[in-house]
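> I'd like to ask you about the structure that follows.
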Amino acid sequence: SDVCSSDLVPVHCDADGIFRHPPEPTLENVTGVGDLVAANRCHLGAVLDPDSDRLALLDEMGRYIGEEYTLALAADFLLARRPGALVVNLSTSRMNEDVARRHGCPFFRSPVGEANVADAMLAHGAALGGEGNGGVIDPRVGLVRDPFVGLALVLGLLAHRGQPLSAIV
């Protein structure tokens, strides 16, 4: 293939406690990562915040997709395979509600805050939950935001659809 298939291109992954760019995974702070994604012909870029509970995405061309799409993409993959309730907080995009509706799944909102989302997930027996800040919560793993679970679900979506992230978004 003319695209990297299994190679990982780590950037700033030294476990030395030094964060090498401003901590928020915003467009302004991750432009260099986008250049690396495009130059290395990667399928996507994944950027975490300093405490590794939020995931922002870049498409295969290095364009910033951001945090708001992370949960919706993860939910699209998971709810197609494991239907169940989706819980998000009040400040999360409506695209998540659209994803839940498309899969015939119940949708609930909670007050802002990871603990509130987790409580609502328990109350509704949710299959997935999270926040529009790139925080994905899968109760099978734990009732905390986990960017690696989010990344695994997004990678599953890419593999299942056989489309680039830009086309799916």
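The values are calculated or read from the model by the stated rules, or taken from the named source; none is laboratory data. Note that this is a predicted model, so its numbers are computed, not measured. Here the Cβ positions follow ideal geometry from the backbone for every residue, glycine too, while neighbour counts run over all protein chains shown. Each accessible area value is taken on the protein alone, full model and side chains, heavy atoms only, with ligands, DNA and RNA left out. Shrake-Rupley method; radii C 1.70, N 1.55, O 1.52, S 1.80 Å.
> Let me check I've understood the local charge: for HIS21, count other residues with C-beta under 14 angstrom from its C-beta, Lys and Arg +1, Asp and Glu -1. What total comes out? It would help to have the intermediate numbers written out before the result.
Values: positive: ARG20; negative: ASP14, GLU24, GLU28, ASP35, ASP49.
Residues near HIS21 contribute -4 overall.
> Any chance you could run the full-extension gain for PHE148 through VAL169? It's 0.36 nm times the residue separation minus the Cα-Cα distance, nm to one decimal. Intermediate results must be reported in sequence, preceding the final value.
Details: separation 21, 0.36 × 21 = 7.56 nm, distance 1.94 nm.
Between PHE148 and VAL169, full extension yields 5.6 nm more.
> Okay, next question. Evaluate the distance, in nm, between pseudo-label points positioned 7 Å from the Cα of THR31 and of ASP7 along their respective Cα→Cβ axes.
Placing both labels 7 Å along Cα→Cβ, they lie 2.6 nm apart.
> Can you tell me the FRET efficiency between LEU90 and SER52 if r is taken as the Cβ-Cβ distance and R0 is 30 Å, rounded to the nearest 0.05?
Details: r = 24 Å, r/R0 = 0.81.
Given R0 = 30 Å and the Cβ-Cβ separation, E is 0.80.
> Per residue of segment 17-25, what does 6.51 cos²θ - 1.76 cosθ + 1.60 with θ = phi - 60° give for ³J(HN,Hα)? Whole Hz please, x for Gly and Pro, Karplus curve as stated.
x, 9, 8, 8, 8, x, x, 5, x
> How much net charge surrounds ALA72 when only other residues with a Cβ under 11 Å from its Cβ are counted (Lys, Arg +1; Asp, Glu -1)?
Numbers: positive: ARG94, ARG102; negative: GLU67, GLU68, ASP76, GLU97, ASP98.
Around ALA72, the charge tally is -3.
> Have a look at the DSSP beta bridges in segment 4-122 and tell me what percent are antiparallel, nearest 5.
On the way: 6 of 10 bridges.
So the antiparallel bridges in segment 4-122 amount to around 60 percent.
> Same structure, new question: Roughly what percent of Cα-Cα pairs across segment 3-48 reach past 16 Å?
Numbers: 407 of 1035 pairs.
Beyond 16 Å sits 39 percent of the P(r) for segment 3-48.
> Would you work out what percent of the accessible area of the chain, with all protein chains in place, is carbon or sulfur (probe 1.4 Å)? Show your work: numbers first, answer last.
Numbers: 4610 of 8370 Å².
Accessible surface attributable to carbon and sulfur in the chain totals 55 percent.
> Tell me the per residue accessible area of the chain using a 1.4 Å probe; a whole number in Å² is fine. Walk me through the numbers before you get to the answer.
Numbers: 8370 Å² over 169 residues.
Normalised by residue count, the accessible surface of the chain is 49 Å².
> With no solvent and one equal point scatterer per Cα, compute the Debye intensity ratio I(q)/I(0) for segment 1-144 at 0.10, 0.13, 0.14 Å⁻¹ and report its log10, rounded to two decimals.
For the requested q values the scattering log ratios are -0.37, -0.62, -0.70.
> So how do 160-168, 62-70, 16-24 stack up, highest first, on mean other-Cβ count within 10 Å? Intermediate results must be reported in sequence, preceding the final value.
Details: 160-168: 13.6, 62-70: 21.1, 16-24: 10.3.
Answer by packing, highest mean first, reads 62-70, 160-168, 16-24.
> Check SER110: other-chain or 5+ apart residues with amide H under 5 Å from its amide H, H built from backbone geometry?
VAL88, ASN89, LEU90
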